[in-house]
Structure formats: C-alpha cells, structure tokens
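One structure is given below, encoded as structure tokens.
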Amino acid sequence: MAGSIPDKPQLEGLEAKWAQSWETDGTYRFDRARGLSRGSDGVFAVDTPPPTASGSLHIGHVFSYTHMDLQARYQRMRGQEIFYPMGWDDNGLPTERRVQNYYGVRCDPSLPYEEGFTPPFERGEGAKDQQQVPISRRNFVELCEKLTVEDEKQFEDLWRTLGLSVDWSLTYRTIDDHSQRTAQTAFLRNLARGEAYQSDAPTLWDITFRTAVAQAELEDRDQPAAYHKVTFHGPADDETVIIVTTRPELIPACVALVAHPDDTRYQHLFGKTVRTPLFGVEVPVKAHHLAQQDKGTGIAMVCTFGDVTDVIWWRELDLPTRPMLGEDGRVSETPPTEFNAPGASERYAELVGKTVFSAKAQIVEMLAESGDLIGEPEKITHPVKFFEKGDKPLEIVTTRQWYITNGSRDEDLKNRLLQRGQDVAFHPDFMRVRYDNWVGGLSGDWLISRQRFFGVPIPVWYQVGESGEVNRDEVIVPDEAMLPVDPASQPAPGFTEDQRGVPGGFVGEADIMDTWATSCLTPQIAGGWVSDPELFGLVFPYDLRSQGQDIIRTWLFSTVLRSELEHGTVPWKNAGISGFIVDPDRKKMSKSKGNVVTPQGMLDEHGSDAVRYWAASSRLGTDAAFDPQNPKLIKIGRRLAIKVLNASKFAYSFTGDGGEVTEPLDIDMLARLGQVIDEATKAYEAFDHARALETTESFFWTFCDDYLELVKERAYRDQADPGQQSAVTALRLALDAMLRLLAPVIPFATEEVWSWRHEGSIHQAAWPTSTELNLPANPHGGVFELASEALVQIRRAKTDRQLSQRHPVATVTMSAPELLEQVKADLMALGHIDELELKPSETIELVEFVPAEGE
RNA sequence: GGGCCUGUAGCUCAGUUGGUUAGAGCGCCACGUUUACACCGUGGAUGUCGGGGGUUCGAGUCCCUCCGGGCCCACCA
C-alpha cells in the first residue's frame, strides 16, 4: 500500500508536507475538460472575496474563508468539478495610504514621471515628522503595484498554510489588466444602456482624501457639538426669528429658513424673507413637512450644505446654491453670494482659508459681538456622517460625478433586485433581511467616481470645444477591443496626444472607479466574462458566494446589481454569510486586539487543523467568541486531530484482509456509522458544516472510547479467527469513512492518515455513503449502544472501588436486555471479567460485582 | 425611531415538526503508570432554560409582555 505508518505520528510538519504535495499533484486544480463533460450542474463554482491586499489578515478572515473551504471540499468529494479561484483587492484608498506611509511619498498628479525613482525609505521606517515626497501619478501607481505584489505573496502563503483548497493558478488582482478590462467593459455597457451617467450634484465629500464617497461607505460617529441660538432679522425692521444650529459657520451659505406647514408660530412668515445675521442676506422662509416642530425652535436654517436634510430642502424647495467650502474643507476665497450688511465682506474675508472648526469659533465670536447669539451654546453629542476609512466629518460639496443606477430612483429595478434577493439562497436565511433593508433604504444612485489615483480609470474622454471649454456632455468612449485604457495617459480615439487639453481636442477623465465597482465583478473577472466565454458559460451563475455579514450592503449588493444589469440573472445560487469574531466580553473584536494574535502565529502555534476546527464549529451567520489567551476550541481541535492520528495508527495496525463482517457488534457499529454519514451529508447539503462536524466528531469519540476498546482483544487474535477478521474489516471500513467525513475540517491529519493505506488524495476520494458499508438489510439494532452502557456500569464499579480499569474481576452479574448476550465475549475481555452472568431485563443494572483477589 | 439576531451548567455552545428524569465539550473534583494516544483514559458533581403572563393533557421549544446583550439602518436644525 501507499505509505507506511509512523511509530509516533505527529501534527507538526503536516502543513508544509501536504501543501507541497497538493501543489505538485494539482489536487485542487480546476479540470476544464472534466467540467465541460459534466456541464454546468457538475461544476461547483465559488466566488471568493478578494481580501484587501494592503490590509492585514485577521482572525475573522480565517473564520470566513475556512467556512467557504469546507463547502468546497465537501462538494469536491461529492464529485463536483470545483472552480475555486482567489483574488486580491489591490486598488483603493487603503493601498494608497499604506504606500504613503511605507515609502514616504504622496501623489501629485501634476508632476511628471521620474524614471528610476527611488523612494525615501521602505517599510515605513522614515522619521515621524518626515515630509512625504510628492511624486507623479505613474510613479505612485508603480509603488502601489510593487507593494501589493509583496503583500499578496504573504497572503497566499497564509492561505496555503491554512489549507484552503484554492486553485492557485486562477489567481487574479483587481488592478491587473484583465480586471481593468472587465471593469471598464462593464462600465461602458452600463453607459451604453443608460445605467451609468454623470451628474452635477451635492455629494458627500471627504476633505482629507479629497474624494466623493458613496452611501455604502458611510458610518455614523458620535461627535461633540453645540446648539447655537442665533437671531435672524425681519421681515419688519424690529422683528426677529430665532433659529438653533450646530453649524453657525455656515451662515454665509444660508439659503432659506424652513418650518413645518402646520406650525402656527411661523405660518405668518411663509412667503416672506428674513435677513441673515452678520451678512444681511435676504433668505425666504419656507414650509416643508420634514421640519420638526419640537426640534430646536421649530425653524431650521438651510445651508448649502450642512447636512443631507439641507440637500433635500434645497432640491424640493428649489433653493439657490451658495457653496462656501472648498474641496479641502476650508472656507473658499469666493464669497457664496452677495452680502448686504455693512462690514459683511470684511467679516467673510476673515474666514477665508479657515477650517470648519476655526471658522465656527470665529463666527461665534462675531455673533456674540453683534448680539445675534443668544445665551451660551449648549454642548451636545450627536451622530455625524463619516467616510468609514476617514477621520474628519464629511462635508457636502457640489461636484460632477459618475453614477450607476441602483434602483433607488427606479421602482422596476428595485423590485427586480428584491426578487434577485429572493432567488439567492441565503445561509442563514435571515441574512436576506439585511439585503432587503439596504435595497429598500437606498437614497440615491451609486456614486462610483473617486478623485483618487490607484484604481481602474473611468474609460472616457471629453471633447474640448473650439473656444477651449471642456464639454462634459460630449463623452468619447473607446472601443471594447482597446481596453484597458487610461484616459489620463492615452489619447482619445481619433485624436493624438498633442491634442490633449487644446481647443478642438480632448481631455481624459481623471477619476477612477470606486473599488467596489471592480470587486463587485469578481464572478465576471475570475470566470473570464470578457475573454473566455466557454469558461464563463460553465461557471456563471456561480454556486456559492461566501462572505462576512459586514459587506452585504457593499460587496453582496453591488454584485447582485451588476449581474442583474448585465446578465439579468443572479450571480450565484447560494450566499453563505459568516458571523464575526467577538471578544470574550461580547464586543466586536477590535482591530488592535485582533492583531495581537496574527493568523500566522495561531497556525504556527496550534496547527492549521486545530484552527480550522475552531472555525468549523461555528454555524454560518453566528458570531464566535474568541479569547486569544485561552483558545479552547482550537485546543479541542488539536486534540481531535491528534486522536485521529493515533486511533488510525492503532486501528490500521491489525493484520488480515478481506474477512467478512459477521459479529453483531461490528455490524451494529457500522449501522450507526451509516446513520452518521447520512446525517453529516444532509447537514453539508444544508450548508450546516457545524452540525456535520458535531455529529461526526461525537461518533468518532464513541468509536475510540468504546468500540475500539471492545474489539481490541478480538482484533489481536489470530487471523484464522472469524471474529478477528470481522473486527479488522469493520475497523477499516469505519475509519475509511470517518476520515473522509472529517477531511473538510482537518484536511492535513486526514490526508496524512489516508496516505498510509490509500493511493491518491483523500480530498479527491468519494464522499462516504451509508450504502458502501454493505450493511445487511436488517442490522442488529442497538447492540453497540447497549454495550457502551454496560461498559459504563463496569467502569464505574471499578472506579468506585478505586481499582485500575485493568483490574481482574471474578464475577459480574448484570441485568440487561437479551441483546447484550451478543457482545458478552468482548465485554468480558475488555473488563478482564472471568465470569459474566446476564439476567434478562428491560434496563441495564449491575447486580453483583466481585473483583479478583490480590494482584 | 425602525429592523434583525441573541439570552440554556462557572465558560463556549447543542437542543430538528411542542413529548419521558434538559445535553455535549471545556473547566472543576476523584481515580487510573491499560502493549494507539499523558497532546491519555475512567467516573463524578453542577441548571428558577433572562423575568412574568397565556395556549396546551404536556412548553427550553408556540403566542403576548417586560428586561438584558449585540449588530444594521435612520432626515446630524
């Protein structure tokens, strides 16, 4: 047979040994020919989340990726041809930020490319106060490329160590040419169908990164603020209106006051105008149902733009635009409007160039001086919108951006997307609610343009008119065959580079796409949508998307959206949603804590099988507690893997071949195993790996503790003994099946053991079935369980008398069901019992127990 | 303010359509140097199933209500 059984089997070294072997043998390689012969239904395609290359992998990744791998391994053993690629998400802000810190540079698109540029330092080893060196966009992108490739190597090593059964020849990067081509093709098709469009509109703007952000990337954070009571003047000379605002610095940008239509306090003002304090600008008083009578003084100041409610009022009441903040979040030089109050221009001039924070302090001072501030500002804490990756509150700035329709303004599309949500089987099912809520709560189309550098360029150019003005509505698009293109460095089709920016020429779009606009196309990228129709037809729609619950609103939703727009179908049949990792005190594991124990460190310390066992013990959608100081489940997993090695070594060590299973105990044990196989199979079919594991594991321990002990003596007998042959065959049948049941969870230990007696990888072996056990039509029901119960009685009798389990016993009398007679000999051998008398009874009870004398 | 998940032994969790005395592992205690395993084995103790109502012959399981924990969403005056 294949290998030999080592004297002292160990877990150490199995990861390296088998990862190498699987790579050499192409164990997890996607076999296209076999896939084609089996057809779509015979191929199981997995849509894998590409981790952010510049981020660090944490324990939550290991958790979720293991869940995905369990299902892939199960399906592989069921005979499915597995398409299991892996990608890296390179582009986006995290990479840019990491590159800036790692190399000490920053991107300045106005600079020319510098050949052979050497960054000031590497590995973030620069001094804290060192200025970042400005470099060209191309130099910057080159550094991004360089660093992500290094990071990705480490990621791959980790995944290989963890034992993900990925086909590493199917790796993609969201920044590589193929991904760019896919993303740009999809975008151009959206554009051609009218699903992508440009719009000049108020957008949420991050002043640090100087880019627009999308609704999906927002998060609320509690911030300190203050209510300022401020006086507006009018309509009559001696009249005033008092408003409450947290943003007095925006008074120059005020365009109206708004109160509720039913509010009797302000009804007389509707249709009239009042003057802003300090600046004396006439603004109308309007009625709108969103104004809350019980908030503040019931009348609100509308500015362009203080918050998203301002945007709604501005749009629905058709108010003018008076922007006062620039893209850097500072007060612009150009006044937002014409001021009428004496000294207003001078006041504004004092604000110019200030941050929101300083401008606010300045204006409060001015208001106090003019007497328009009533009382002291009241300090409060309130939620403020942030870019999830940013650390300054978002502002709202009117800019021209690219959007993709997402159903928020299109009932038909929204309903189709909700229907697609129904078409996907969520595991667990309630996760669909999060998708539904998100789709139902969308407040605008998807803003996909970003004013950043490292990402997929939006593949369009604009015509420049004869007088030199850029005509944004005259969009020039490339032919799909030209893709990928970079409009910033390549001329528009039909033009030459020297026509860039000149009258009658063109300009290239400078923006790149939101990172999700690329990563939501992972099924299309990995499946070769633009390059390999045969493959794409085989794998799409995929069978499984596996991901964390935190990115349902981003990755999951946008994938469904793009698939619906492009293909009119769901991107996958199943969505497996993993929970997240929580601290022992139930809080979501913080990044700092999660990083204390790196995944690599955990794998090194406990072994990959042990860590996988921990992940496999949690059901999909369930949060898992994890205490790095005391990783209980990991230790249990390690114990299981070691037990598998030792028990297998023992069970496989008995000699003999081909004997029939004749003993009732052996048959009954196999019958129980048959039930376990059926149950585990059913559980995996329902994406319930935790139940499959629990069922298998529980049986495995009973098998070791009771069955193995019971047949030990019989198995040691001479091969001529039919009882010996029965035991040996049953042991092998059982072990062969149990190893395969456990193979998805502990692929290293099971592969090691499998290799002792079998050719080929266990991971390509067929999933066990109850029929392969060749059970008789009516197996003896329950002898095994009965024997286990009898064992407990005998063991307890010895323990109570503080005897070794090996201590000989003269006579035992038990009342027990007659069935127990069938295992009498095995019981006597295990208990070292000279004489065992069984009295027929319904229940098992120890009547008499007489230990042998002496020893 | 809305939605979803969750509360079972000291800890981590099972508990299928309601059905005997509520389970497992860890931890704890006691015992055991058994020719697979001391990275071991055997046995033992441990619960107002968050509280209160209701439906039912019967409720950890179904309904109502209250309380606790977590997550997501929401128009930030």
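The values are calculated or read from the model by the stated rules, or taken from the named source; none is laboratory data. All values reported here derive from a predicted model rather than from experimental measurement. In this analysis, Cβ positions are derived from the backbone assuming ideal geometry, glycine residues included, and neighbour counts consider all displayed protein chains. Note: areas computed on protein heavy atoms with side chains; ligands, DNA, RNA excluded. Shrake-Rupley method; radii C 1.70, N 1.55, O 1.52, S 1.80 Å.
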Angle, helix A:722-742 long axis vs. longest principal axis of chain A, Cα atoms, 0 to 90°, nearest 10? 0
Tell me which residues come under 5 Å, amide H to amide H, from A:Lys272 once H is placed; ignore anything under 5 positions away on its chain. A:Val285
Leading residue at positive end of dipole, the range A:323-370 (Cβ point charges), from A:Pro342, A:Ala359, A:Pro323: A:Ala359
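What does DSSP give for chain A in terms of the percent of beta bridges that are antiparallel, rounded to the nearest 5?
Of the beta bridges lying entirely in chain A, close to 65 percent run antiparallel.
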How large is the dipole of the range A:691-776 about the Cα centre if only Lys and Arg carry +1 and Asp and Glu carry -1, each at its Cβ, rounded to the nearest 20 debye? 140
Would you mind working out the accessible area per residue for the range A:218-344, using a 1.4 Å probe, and quoting it in Å²? 45
Can you give me the angle between helix A:356-370 and the longest principal axis of chain A, using Cα atoms only, in degrees from 0 to 90, rounded to the nearest 10? 40
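From the cross-link list A:Lys295/A:Lys414; A:Lys153/A:Lys643; A:Lys146/A:Lys392; A:Lys229/A:Lys286; A:Lys146/A:Lys389; A:Lys272/A:Lys295, which pairs have alpha carbons spaced over 27 Å apart? Write out the running numbers ahead of the final one.
Details: A:Lys295/A:Lys414 33 Å; A:Lys153/A:Lys643 33 Å; A:Lys146/A:Lys392 29 Å; A:Lys229/A:Lys286 19 Å; A:Lys146/A:Lys389 23 Å; A:Lys272/A:Lys295 22 Å.
In this structure, A:Lys295/A:Lys414; A:Lys153/A:Lys643; A:Lys146/A:Lys392 exceed 27 Å between Cα atoms.
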accessible surface per residue for the range A:719-771, probe 1.4 Å, DNA/RNA/ligands not counted, whole Å² -> 25
Find which of A:His567, A:Trp529, A:Ala510 sits farthest along the positive direction of the dipole of the range A:493-627, computed with +1 on the beta-carbon of Lys and Arg, -1 on that of Asp and Glu, about the Cα centre. A:His567
A:Arg210 accessible area, nearest 10 Å², 1.4 Å probe? 130
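Per residue, how much accessible area does the range A:369-444 have with a 1.4 Å probe, in Å²?
On the way: 3890 Å² over 76 residues.
Ligands and nucleic acids excluded, the result is 51 Å² per residue.
Give me the percent relative contact order of the range A:121-240, please, defined on Cα pairs under 8 angstrom at least 6 residues apart. Provide the component values of the computation, followed by the final result.
Numbers: 21 pairs, mean separation 7.4, N = 120.
In percent, rounded to a whole number, it is 6.
Pull out the extension gain between A:Thr398 and A:Phe430, defined as 0.36 nm times the separation in residues minus the alpha carbon to alpha carbon distance; nm, one decimal. Don't skip to the answer; put the middle values down first.
Values: separation 32, 0.36 × 32 = 11.52 nm, distance 3.84 nm.
In short, 7.7 nm is gained.
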Can you find, among A:Pro134, A:His178, A:Cys144, the residue sitting farthest towards the positive end of the charge dipole of the range A:125-178, where Lys and Arg contribute +1 and Asp and Glu -1 at Cβ? A:Pro134
Between A:Asp479 and A:Asp222, what is the label-point separation in nm under the 7 Å Cα-to-beta-carbon projection? 6.0
Descending accessible area (1.4 Å probe), largest on the left, turns A:Glu316, A:Glu249 into A:Glu316, A:Glu249
Might you report the magnitude of the Cβ-based charge dipole of the range A:1-122 about its Cα centre, with Lys and Arg at +1 and Asp and Glu at -1, to the nearest 20 debye? 560
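Quick one: which of A:723-731, A:419-427 comes out on top by average Cβ neighbours within 10 Å, and what's the full order, highest first? Don't jump to the answer; show the numbers that get you there.
Details: A:723-731: 24.4, A:419-427: 17.4.
Packing order, densest peptide first, comes out as A:723-731, A:419-427.
Give me the percent of the accessible area of chain A that comes from carbon and sulfur atoms, probe 1.4 Å, all protein chains in place.
Working: 17440 of 36370 Å².
Carbon with sulfur: 48 percent of the solvent-accessible area.
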In nanometres, what is the gap between the two model label sites at A:Val792 and A:Gln10, each 7 Å from Cα along Cα-to-Cβ? 3.8
Between A:Lys379 and A:Glu114, the two model label points (7 Å from Cα along the beta-carbon direction) sit apart by a distance in nm of 4.7
With everything on Cα atoms, drop me the angle between helix A:93-103 and the longest principal axis of chain A, reported from 0 to 90° to the nearest 10. 90
As an exercise, identify the chymotrypsin sites (Phe, Trp or Tyr not before Pro) in the range A:90-147 lying in DSSP coil whose Cβ has no more than 15 other Cβ atoms within 10 Å. A:Tyr113, A:Phe121
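About the Cα centre of chain A, how large is the charge dipole given +1 on each Lys and Arg Cβ and -1 on each Asp and Glu Cβ? Please answer in debye to the nearest 20.
Values: 86 positive and 130 negative charges, 121 e Å.
Dipole size: approximately 580 debye.
Quick check: residue separation of A:Gln20 and A:Asp721 times 0.36 nm, minus the Cα distance between them. What number comes out in nm? Spell out each step's value before the answer.
Details: separation 701, 0.36 × 701 = 252.36 nm, distance 4.27 nm.
That works out to 248.1 nm of additional length.
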Could you sort A:443-450, A:684-691 so that the peptide with the highest average Cβ count within 10 Å comes first and the rest follow in order? A:443-450, A:684-691
Multiply the residue separation of A:Ser489 and A:Gln675 by 0.36 nm, subtract the distance between their alpha-carbon atoms, and state the gained length in nm to one decimal. 60.5 nm
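Can you work out the FRET efficiency for the pair A:His758 and A:Asn630, with r the C-beta to C-beta distance and R0 = 35 Å, to the nearest 0.05? The partial results should precede the final answer.
On the way: r = 37 Å, r/R0 = 1.06.
So, using R0 = 35 Å, E works out to roughly 0.40.
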